[in-house]
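Report on the structure given below.
The values are calculated or read from the model by the stated rules, or taken from the named source; none is laboratory data. A quick note: this is a predicted structure, and the numbers were derived from the prediction, not measured. All Cβ positions, even for glycine, are placed from backbone atoms using ideal geometry, and neighbour counts span all protein chains on display. Note: areas computed on protein heavy atoms with side chains; ligands, DNA, RNA excluded. Shrake-Rupley method; radii C 1.70, N 1.55, O 1.52, S 1.80 Å.
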Amino acid sequence: MLLLTVGTACTNSDGRPDDAARPGATSAGDALFPSLGNRGYDVAHYALTLDYVPETHELTGTTVITARAEQPLSRFSLDLAGMSVRDAVIDGADAEVSRKKNKLTLTPAHPLKTGATFTTTIHYSGTPKMITAADEGVEGWIETDDGATALGEPSGSMTWFPGNHHPSDKALYDITITVPKGYTAVSNGELTGIRDKGRRTTSRWHMGEPMASYAATVVVGSFDISTTTTTQGLPVYVAIDPDEVEDSPDMTKLIPEVIDWASSRFGRYPFASTGSIVDHLPDLEYALETQTKPYFDSAPDETLVVHELAHQWFGNSVTPRSWQDMWLSEGFATYAEWLWQEDQRDTTADEIFDAFYDGTHPESEGIWDFPPAQPPTAGRVSDSPVYGRGAMTLHRLRETVGDKSFFTILKMWTKQHRYGNAHTTQFIKLCEKVSGMDLTELFDTWLYSKEKPARA
């Protein structure tokens, strides 16, 4: 404790008084993606109003951000790649705007006090771009043969709206999309209204539970739409490109089945609706766990549907605090595949583990390249050790603590951290608390060792 003499002001490390306004940091401090995210504020809500013209690929947008200042702010930054910013307003007053690479810096007319809730409105337009991620995959605003799809992992969301684009700052969303008549616009959460005006159609979507920006999506195109409910009455919204209908499984039956099964394994489903989007973009070569409606680039198989729906618990509801902990998302979703096959297809998780360990499983290549909890670079955060060896770690945990403790751990994990962020250390502590065991050697061996562990 530091005792201060009466009349002496408390200062920061830079010598300024604690209540002196200063710029918010232009990084969330992520070890793998140091340019992503910002500090100094916490976003509570995004209201996105978008107008998209597929024929010209022009996007006009208004983003309204409601946030809370976590320090006295003289200015703060947002992530935005491309697009032209017309103006910005903070609490009704014009803000000074500057750009440097993918950082949009806003200076309010008056400094923001710690704890103050403030509203920022940004008007922008342009042709949103597709970007190449560190792993050479594409993301961002991706043109399709009949529209576009917006995908954001890890940084693509900043191509279509300004925000604090790091998973540690989750928020609620309302997304309004206007497109030409004849097109369908799908987004996260629940459809709250559709209005036709002239030759344009406006759809309103509400995401009422916290969401990391990388899990946000907008998909515009031609889709066959079906709606149903699960046995528990959960709304299911499925959009399938007509070119993929014939090869797609019956999603209106499969999704409720998987949701009911996963709820029994992982605890209550965390969102107010579920569903999926099956697009026709086979060259993309990946699916993504966009919140409430996983995105598939083409007709998926059953196992892939299980994987992406499992992410609604692991990754979307319980979100890794940093990209270093990606295994908490991908390792868990991969192990959900193993559990599904064990419960539904008579292939035990033990058998799948052995196939990965021996290298005979088709997805086992490269799983020993690095420890799953220590991706060496941003470009390798989605490599096979994070998925396959992450799942193997969970299986070894299950073998060690027993089924009762293991499934208790999974349900407690999703309950304790629902809608929040978490990191590996918290998971390890929970495992030791529930099991009553010292699991240091297990996690050191399977999560952090650079060597291929012994099987026994």
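Please note which strands (runs of 3 or more DSSP E) are completely contained in the stretch 28-119 and include at least 3 residues that are open to solvent by 40 Å² or more (accessible area, probe 1.4 Å).
41-53, 58-69, 84-90, 96-100
Could you count how many residues in the stretch 350-364 are assigned to a helix (DSSP H, G or I) and under 14 Å from residue 391 (Cα atoms)?
8
Open to solvent by 30 Å² or more (accessible area, probe 1.4 Å) and in contact with a Phe, Trp or Tyr (Cβ under 8 Å, 6 or more places away or on another chain): is that true of residue 210 in this structure?
Considered against the rule, which asks whether it is open to solvent by 30 Å² or more (accessible area, probe 1.4 Å) and in contact with a Phe, Trp or Tyr (Cβ under 8 Å, 6 or more places away or on another chain), residue 210 comes out as yes.
Taking into account only those residues within the stretch 389-405 that are open to solvent by less than 30 Å² (accessible area, probe 1.4 Å) and of a type in the set (S, T, N, Q), which is nearest to residue 335 (Cα to Cα)?
In this case the residue turns out to be 393.
Which condition does residue 231 not pass, out of (1) farther than 27 Å from residue 55 by Cβ; (2) at pLDDT 95 or above, if it passes all the others?
The single condition residue 231 does not satisfy is (2).
Between a residue in the stretch 218-244 that is without any contact (Cβ under 8 Å) to a residue 24 or more places away in the chain and any residue that is among the β-branched types (Val, Ile, Thr) and assigned to a strand (DSSP E or B), which pairs come within a Cβ distance under 7 Å, given they are 6 or more apart or on different chains?
Here the result reads 224/240; 227/236, each pair linking the stretch 218-244 to a residue that is among the β-branched types (Val, Ile, Thr) and assigned to a strand (DSSP E or B).
Just checking, how many residues over the stretch 149-179 are of a type in the set (Asp, Glu) and either surrounded by fewer than 24 Cβ atoms within 10 Å (Cβ to Cβ) or under 20 Å from residue 191 (Cβ atoms) (or both)?
Qualifying residue count, the stretch 149-179: 2.
Give the stretch 121-164 a look and list any residue that's among the hydroxyl-bearing types (Ser, Thr, Tyr) and free of Cβ contacts under 8 Å to residues at least 40 places away in the same chain, or say none.
Result: 132, single match.
Among all residue pairs at least 6 apart or on different chains, which show Cβ distances below 7 Å where the first residue, located in the stretch 29-57, is among the basic types (Lys, Arg) and the second is assigned to a loop (DSSP other than H, G, I, E, B)?
Final answer for the pair search is 39/24; 39/25; 39/28.
Would you confirm whether any residue within the stretch 436-456 is basic (Lys, Arg), out of contact with any strand residue (DSSP E or B) (no Cβ under 6 Å at 6 or more places or on another chain), under 30 Å from residue 136 (Cα atoms) and open to solvent by less than 20 Å² (accessible area, probe 1.4 Å)?
No, the stretch 436-456 contains no residue that is basic (Lys, Arg), out of contact with any strand residue (DSSP E or B) (no Cβ under 6 Å at 6 or more places or on another chain), under 30 Å from residue 136 (Cα atoms) and open to solvent by less than 20 Å² (accessible area, probe 1.4 Å).
Given the condition modelled with pLDDT of 95 or more and in a loop (DSSP other than H, G, I, E, B), answer yes or no: does some residue in the stretch 7-19 qualify?
Scanning the stretch 7-19, I find no residue that is modelled with pLDDT of 95 or more and in a loop (DSSP other than H, G, I, E, B), so the answer is no.
Scan the stretch 222-229 and give yes if some residue there is surrounded by 23 or more Cβ atoms within 10 Å (Cβ to Cβ) and on the phi < 0 side of the Ramachandran plot, otherwise no.
yes
Read through the list (1) β-branched (Val, Ile, Thr); (2) within 20 Å of residue 455 (Cβ to Cβ); (3) surrounded by 14 or more Cβ atoms within 10 Å (Cβ to Cβ), then give the number of the only condition that residue 386 fails.
Looking at each condition in turn, residue 386 falls short on (2).
Could you grab the pairs with beta carbons closer than 6 Å, sequence gap of 6+ or different chains, first residue in the stretch 175-192 and over 16 Å from residue 211 (Cα atoms), second one among the acidic types (Asp, Glu) and part of a strand (DSSP E or B)?
What qualifies is 178/51.
Restricting to the stretch 251-290, name every residue that is out of contact with any Pro (no Cβ under 7 Å at 6 or more places or on another chain) and either small (Gly, Ala, Ser) or at positive phi (or both).
262, 263, 264, 267, 272, 275, 285
Restricting attention to the stretch 189-202, does a residue exist that is under 16 Å from the mean Cα position of the chain (by Cα) and in a strand (DSSP E or B)?
No: the stretch 189-202 contains no residue that is under 16 Å from the mean Cα position of the chain (by Cα) and in a strand (DSSP E or B).
Where residues in the stretch 406-427 are in contact (Cβ under 8 Å) with a residue 12 or more places away in the chain, more than 19 Å from residue 340 (Cα to Cα) and of a type in the set (Ser, Thr, Tyr), which of them is surrounded by the most Cβ atoms within 10 Å (Cβ to Cβ)?
424
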